[in-house]
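The values are calculated or read from the model by the stated rules, or taken from the named source; none is laboratory data. Bear in mind that the values here come from a model prediction, so they are computed numbers and not experimental data. Neighbour counts run over all protein chains shown; Cβ positions are idealised from the backbone, glycine included. SASA here: full protein model, heavy atoms, side chains in, ligands and nucleic acids out. Shrake-Rupley method; radii C 1.70, N 1.55, O 1.52, S 1.80 Å.
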Amino acid sequence: ADGTRSYFPTRLPRTVKFAIDENDPNDQYACLYAPDVVDAINDLCLPRYGLGNYVLVRHKHPPTPAEAHILRDLGRAGKRLMGFCRTNLFKRLESSGQVFLESVERHILRNYIFLYALENNLPLPIGTQDVGLLDTRLNDEDTEKTSFIDDIAIDETAEEMVEIALDANNLAGLRDEAEFKRRAAEVYQQYATLYRPRFKWLRAALFGASLARDLLGDAQKLRLILGKCEHWDCGADTKLQALLDLVSNQHKGEKVLIFTQFADTVRYLEAQLQAHGLTHFAGATGGSSDPTALAWRFSPESNEVRHRVAPEAELRVLVATDVLSEGQNLQDGFIVVNYDLPWAIVRLIQRA
């Protein structure tokens, strides 16, 4: 009003480093950021994402019209889905060792669910073959947790329950083949009864023997990765410790906005912030009931809602996926942390 000029602050990008000791066999990140892990992921066949490659040319009992329609969709989606799946495994590895291991566990369990169906000549549960589900710009949940959920209308309680079947708590302790097989049989029965409308179904006889072989082969490769780091030790997570130091010491008392691509990473960081005694923080994901309310609690001044946000409800630290990277005013804070790096530089610019 008085003619004084105001300028945007100069953005100062800084690298927050964390230790990785390749000579320490107990270093969790060194175990996972290793050539054999990269080679194993690159060597995966990912048959569930390319089912069209396993359909028999000749059938004793030809596909019904409904089955033929599903098979056509499988053929179109295959190569792109497989590419996105492999890319996302690498992205989750770069995000957090904990969420990478969770995704590997879910992937193995999915494979054993299919193997259970094939071995018992039961129909295979086919979920949505939509590439968008594997694009982190559109979906921040683990594809292994949600990619089989169909687009049909169903009540929210049932949706929560089908996700619970593959959440981190229910995967805890799954390591040996017998446990994966036992859990797979249980989940298949849930799919075939309680959640049957959520899937499209194809007879096992429509697929060749190579499908079971590649499913088992991938499961064995991924179980070797789990064997390298069977249980993630949060106390030895040097990347997490660097973030805690940033939030608790370097920027103590200041507002900090932390971005990650994955909802699982948001939940992991929320749990760890709470475990280390931090208060006035929250996490926002695509599944949050009201992301805007969280933005207001983090930035009440800029949103002109100070009268609606009590001091005890105001947030100092906000952990979010890109659900908050556009269309929200977060300018009460100016420290932006990228906990993992999206492969498109424009995403970093957008967050800032």
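Keeping to the stretch 311-324, report how many residues are open to solvent by 40 Å² or more (accessible area, probe 1.4 Å) and of a type in the set (A, V, I, L, M).
Qualifying residue count for the region: 1.
Restricting to the stretch 218-263, count the residues that are out of contact with any Cys (no Cβ under 8 Å at 6 or more places or on another chain), open to solvent by less than 10 Å² (accessible area, probe 1.4 Å) and of a type in the set (Asp, Glu).
Result for the stretch 218-263: 1.
Check ASN26, ASN42, ASN53 and return the single one that is open to solvent by 90 Å² or more (accessible area, probe 1.4 Å) and within 22 Å of ALA219 (Cα to Cα).
Being open to solvent by 90 Å² or more (accessible area, probe 1.4 Å) and within 22 Å of ALA219 (Cα to Cα) holds for just one of ASN26, ASN42, ASN53, which is ASN53.
As an exercise: evaluate GLY327 against (1) closer than 13 Å to LEU257 by Cα; (2) open to solvent by 40 Å² or more (accessible area, probe 1.4 Å); (3) in a loop (DSSP other than H, G, I, E, B) and give the number of the one condition it does not meet.
In the conditions (1) closer than 13 Å to LEU257 by Cα; (2) open to solvent by 40 Å² or more (accessible area, probe 1.4 Å); (3) in a loop (DSSP other than H, G, I, E, B), GLY327 misses (1) alone.
Of all residues being among the charged types (D, E, K, R) and closer than 19 Å to GLU141 by Cα in the stretch 284-326, which is modelled with the highest pLDDT? Just the residue, please.
Here the residue is ASP290.
If you go through the stretch 173-199 one residue at a time, how many are under 23 Å from the mean Cα position of the chain (by Cα) and within 20 Å of LEU71 (Cβ to Cβ)?
3
Do you know which residues across the stretch 9-23 are within 21 Å of SER95 (Cα to Cα) and open to solvent by 100 Å² or more (accessible area, probe 1.4 Å)? Before you say what the answer is, go through the steps one by one.
If we filter the stretch 9-23 for residues that are within 21 Å of SER95 (Cα to Cα), which is where we start, we get 13-22.
Those that are within 21 Å of SER95 (Cα to Cα) and open to solvent by 100 Å² or more (accessible area, probe 1.4 Å): PRO13, ARG14, THR15, LYS17, GLU22.
If the Cβ limit is 6 Å and pairs must be 6+ apart or interchain, which residue in the stretch 272-283 that is modelled with pLDDT of 95 or more pairs with which residue that is not hydrophobic (A, V, I, L, M, F, W, C)?
Matching pairs, first to second residue: HIS280/ARG316; GLY283/GLU270.
Per-residue answers, yes or no, for (1) within 18 Å of the chain's Cα centre (by Cα); (2) aromatic (Phe, Trp, Tyr); (3) part of a helix (DSSP H, G or I):
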| residue | (1), (2), (3) |
| --- | --- |
| VAL266 | yes, no, yes |
| LEU269 | yes, no, yes |
| GLN272 | yes, no, yes |
| THR279 | no, no, no |
| ALA282 | no, no, no |
| GLY287 | yes, no, no |
| LEU294 | no, no, yes |
| ARG297 | no, no, yes |
| SER302 | no, no, no |
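Given the condition in a helix (DSSP H, G or I) and modelled with pLDDT under 90, answer yes or no: does some residue in the stretch 35-49 qualify?
Yes: the stretch 35-49 contains one or more residues that are in a helix (DSSP H, G or I) and modelled with pLDDT under 90.
Counting only residues that are closer than 28 Å to THR265 by Cβ, in contact (Cβ under 8 Å) with a residue 60 or more places away in the chain and in a helix (DSSP H, G or I), how many does the stretch 189-234 have?
13
Give the residues of the stretch 107-128 that are crowded, with 22+ Cβ neighbours inside 10 Å and either aromatic (Phe, Trp, Tyr) or closer than 14 Å to PHE262 by Cβ (or both), sorted by residue number.
TYR112, PHE114
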